[in-house]
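Shown next, in structure tokens, is the structure this report addresses.
The values are calculated or read from the model by the stated rules, or taken from the named source; none is laboratory data. Treat the numbers as computed from the prediction; the structure is a model and nothing was measured. Reconstructed Cβ throughout: ideal geometry from the backbone, glycine too, with neighbour counts over all protein chains shown.
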Amino acid sequence: MLNDAECTLTDKITATQDFVQPFRGSLEMIIGPMFAGKSTELLRRVDRHRHSGKRCLYIKYSGDVRYDSKSVIATHDLVKQDAVSVQKFADIGDSWKDYDCIGIDEGQFYIDVVDFAENAALAGKIVIISALSGSAFR
């Protein structure tokens, strides 16, 4: 390796390019109590990625039918977004791999959310999860 006095700017740039890590994705959590606007914020963040040209997948918990029994994420203001409705992430198979950004509503209900979110982020996906910060007993 050349010392600083012998290196040109081009040499330094070339050397640092070897250290650039590939994009590994990210994990964003939207945590709070009921009626705090978590689903609204989830839709806002994922929509921002969708508007930038990313392919986005919206996932809702199949047992959540408070505002709509169909496959939609619904806010308390009744803003609705079509979504894939699942009880566990294994139900969607590998179809999530076709997307750049994955928005998950009501994350506290999924038994496999940690494994799924970690695997998706490590696969380069942007994962955004909204979830309650506690239970009815806390």
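Structure notes:
- Total residues in the stretch 74-96, condition of a type in the set (A, V, I, L, M), closer than 20 Å to LYS38 by Cβ and not in a strand (DSSP E or B): 3
- Residue count, the stretch 95-138 (criterion: on the phi > 0 side of the Ramachandran plot and of a type in the set (D, E, K, R)): 1
- Screening the candidates ARG45, ARG24, ARG55 for the property of being in contact (Cβ under 8 Å) with a residue 60 or more places away in the chain and in contact with a Cys (Cβ under 9 Å, 6 or more places away or on another chain) yields one hit, ARG45.
Each row is one residue, and each column tells you yes or no for (1) surrounded by 14 or more Cβ atoms within 10 Å (Cβ to Cβ); (2) farther than 26 Å from SER71 by Cβ; (3) modelled with pLDDT under 95.
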{"site": "MET1", "(1), (2), (3)": "no, yes, yes"}
{"site": "ASP4", "(1), (2), (3)": "no, yes, yes"}
{"site": "VAL20", "(1), (2), (3)": "no, yes, yes"}
{"site": "PRO33", "(1), (2), (3)": "no, no, yes"}
{"site": "CYS56", "(1), (2), (3)": "yes, no, no"}
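- The set of residues in the stretch 6-18 being surrounded by fewer than 11 Cβ atoms within 10 Å (Cβ to Cβ) and either assigned to a loop (DSSP other than H, G, I, E, B) or at pLDDT below 70 (or both) consists of GLU6, THR8, THR16, GLN17, ASP18.
Listed here are the residues, each with its yes/no results for (1) within 14 Å of the chain's Cα centre (by Cα); (2) surrounded by fewer than 13 Cβ atoms within 10 Å (Cβ to Cβ).
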residue	(1), (2)
ARG24	yes, yes
GLU41	yes, no
HIS49	yes, no
SER62	no, no
TYR67	no, no
ALA74	no, no
GLN81	no, no
ASP100	yes, no
TYR110	no, no
